[in-house]
Amino acid sequence: MAILRCIECEEEYPLEKIRYRCECGALLEVVHDLAGLEVSRELFDSRLGSLKWPYISGVWRYKELIMPDIPNSQIVSRPEGNTNLYCSARISKYVNHDNLCLKHEGENPTGSFKDRGMTGGMTAAKMLGAKVVACASTGNTSASMAAYAAMAGMRAVVFIPEGKIAFGKLAQAIAYGARVIQIEGDFDDAMALVQEASVELGMYLLNSINPFRIEGQKAIGIEALQQMGWEAPDWFVLPGGNLGNSTALGKALMELNELGLIDKIPKIAVIQAEGANPFYEYFQSGFKGFHSMKADTLATAIKIGNPVSWRKLEAVMKWCKGTVDQVSEQEIVDAKAIVDGSGIGAEPASCATVAGVKKLVEKGIIQEDESVLGILTGNLLKDPDIVINYHQGKLAGLKSSYANKPVHIKPTLEEVRKVL
Ligand SMILES: Cc1ncc(COP(=O)(O)O)c(C=O)c1O
Ligand SMILES: [Zn+2]
């Protein structure tokens, strides 16, 4: 049987009661009885391509590692996952590294990696009898939660920073029928408020502070490893905001390692935006004194100054001997132009991954013979404004180094000839 355990004082709690934090205030995590689980590469491979519910999902294919005791009838799934790996000559040239593949989590049902954690969290919400679910969001969590709540017949309430989330994401939350509450403040204000409001008003909280979100999110790493024939890459590289995704990836790798399903421990590189880099600063200090900050970056998905999972991620980073780096706004938008122009496409925060790989290769931290699996976290269409503004040279203070500006012409063949 799995239990909830405090990451600081190790106090244990049953899974069946709603609880997000320990009495001591620290976060909780799900601890599985790994020795009691019957799992193998063969079991998971036998479900590949299965049309059988729920194994068709790229999360529930690994059910034993996510929520082993949940009856299949309780699972709320779109289904999610089954996202592709891409290797691109153009991107490899840009980052100066051949052995690079990108896993596109923008191919999830609502267009971001959040659907993996959300199927875990929403399944827990159903198990616990929740009627109303809530989250604070930079956009993708609210889009995902709104869709899953609608499917499960629950009310969704989302708290978003006013005027600071990408249009595609806001549109999704509204369209899927969530109650959208715009907060006069930033994501960190919204996060603080929703934690209080969910306890006081009896809403089930579905931010990544929720340990079942982390369990579902683990499948990002498990699926990637299965796609690589269970041969672990030397590096996983992904963006860091609230730090739930990187924490979940690390937890997956720890468990797979303990179960003997992988032969080596990959290093994780977490990439933050320069203007939203509290975990980078913490890493630089040798993990002495974590300080939150006022965040600012055009990659709004990772505009987070007080990430909830910093403590969990610290343990992961020490375990995998990974690294944390930061990238500038210019590096993010230029990497995005290359990712988009390669035909793959992703939203700005995702492209911190590619900018980060480039930087780590330049620094010699990622070495020439090492294999890299980068994660693209969200779909290109989540944030169309940035695309249009970049290519028209309208991003204040930034160069449009790879602009592809639309042209206006009179409707004559001669004019078309001139343009071509
Ligand atoms: C597209 C995208 N990338 C990256 C992140 C950061 O993930 P995390 O908050 O788990 O660190 C988010 C979070 O909202 C996101 O939406
Ligand atoms: Zn505790």
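The values are calculated or read from the model by the stated rules, or taken from the named source; none is laboratory data. Computed from a predicted structure; not experimentally measured. Cβ placement follows ideal geometry from the backbone for every residue including glycine, while neighbour counts extend to all protein chains displayed. With ligands, DNA and RNA removed, areas are computed over all heavy atoms of the protein, side chains included. Shrake-Rupley method; radii C 1.70, N 1.55, O 1.52, S 1.80 Å.
Please work out which residue is nearest to ligand 1 (Cβ to nearest atom), limiting yourself to region 1-18 and to residues that are surrounded by 15 or more Cβ atoms within 10 Å (Cβ to Cβ) and in a loop (DSSP other than H, G, I, E, B).
So the residue we want is Ile7.
Would you check which residues across region 40-75 are among the aliphatic types (A, V, I, L, M), in a loop (DSSP other than H, G, I, E, B) and open to solvent by 30 Å² or more (accessible area, probe 1.4 Å) and list them?
Across region 40-75, the qualifying residues are Leu48, Leu51, Ile56.
Residue by residue through region 392-408, note down the ones that are exposed (fewer than 11 other Cβ atoms within 10 Å of the Cβ) and more than 17 Å from Asp340 (Cα to Cα).
Once the filter is applied, which keeps residues that are exposed (fewer than 11 other Cβ atoms within 10 Å of the Cβ) and more than 17 Å from Asp340 (Cα to Cα), region 392-408 yields Ala396, Gly397, Val407, His408.
What pairs can you find where one residue is in region 105-123 and more than 15 Å from Arg61 (Cα to Cα) and part of a helix (DSSP H, G or I), the other is of a type in the set (Lys, Arg) and modelled with pLDDT of 95 or more, and their Cβ atoms are less than 9 Å apart, with a gap of 6+ or different chains?
Glu105/Lys114; Glu105/Arg116; Gly106/Lys382; Lys114/Arg213; Met118/Arg213; Gly121/Arg213
Being part of a strand (DSSP E or B) and in contact with an Asp or Glu (Cβ under 7 Å, 6 or more places away or on another chain) is the filter here, so list the residues in region 19-39 that pass it.
If the condition is that a residue be part of a strand (DSSP E or B) and in contact with an Asp or Glu (Cβ under 7 Å, 6 or more places away or on another chain), then Val30 is the only one that fits.
Please list, ordered by first then second residue, the pairs with beta carbon atoms under 8 Å, 6 or more apart or interchain, first in region 1-15 and more than 10 Å from ligand 2 (Cβ to nearest atom), second aromatic (Phe, Trp, Tyr).
Ile3/Tyr13; Leu4/Tyr13
With respect to Gly163, determine if the residue is without any contact (Cβ under 8 Å) to a residue 60 or more places away in the chain, open to solvent by 10 Å² or more (accessible area, probe 1.4 Å) and of a type outside the set (A, V, I, L, M, F, W, C).
For Gly163, the condition - without any contact (Cβ under 8 Å) to a residue 60 or more places away in the chain, open to solvent by 10 Å² or more (accessible area, probe 1.4 Å) and of a type outside the set (A, V, I, L, M, F, W, C) - is met.
Please enumerate the residues belonging to region 289-305 that are of a type in the set (A, V, I, L, M) and open to solvent by less than 40 Å² (accessible area, probe 1.4 Å).
Of everything in region 289-305, those that are of a type in the set (A, V, I, L, M) and open to solvent by less than 40 Å² (accessible area, probe 1.4 Å) turn out to be Ala295, Leu298, Ala299, Ala301, Ile302, Ile304.
Residue under question is Thr323, and the condition is that it be surrounded by 21 or more Cβ atoms within 10 Å (Cβ to Cβ) and not small (Gly, Ala, Ser); does it hold?
Taking the combined requirement at face value, the residue does not satisfy it.
Conditions tested, residue by residue: (1) more than 16 Å from ligand 1 (Cβ to nearest atom); (2) of a type in the set (S, T, N, Q); (3) in a helix (DSSP H, G or I).
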position: Gln330; (1), (2), (3): yes, yes, yes
position: Val333; (1), (2), (3): no, no, yes
position: Lys336; (1), (2), (3): no, no, yes
position: Asp340; (1), (2), (3): no, no, yes
position: Val354; (1), (2), (3): no, no, yes
position: Lys358; (1), (2), (3): yes, no, yes
position: Tyr390; (1), (2), (3): yes, no, yes
position: Lys394; (1), (2), (3): yes, no, no
position: Ala403; (1), (2), (3): yes, no, no
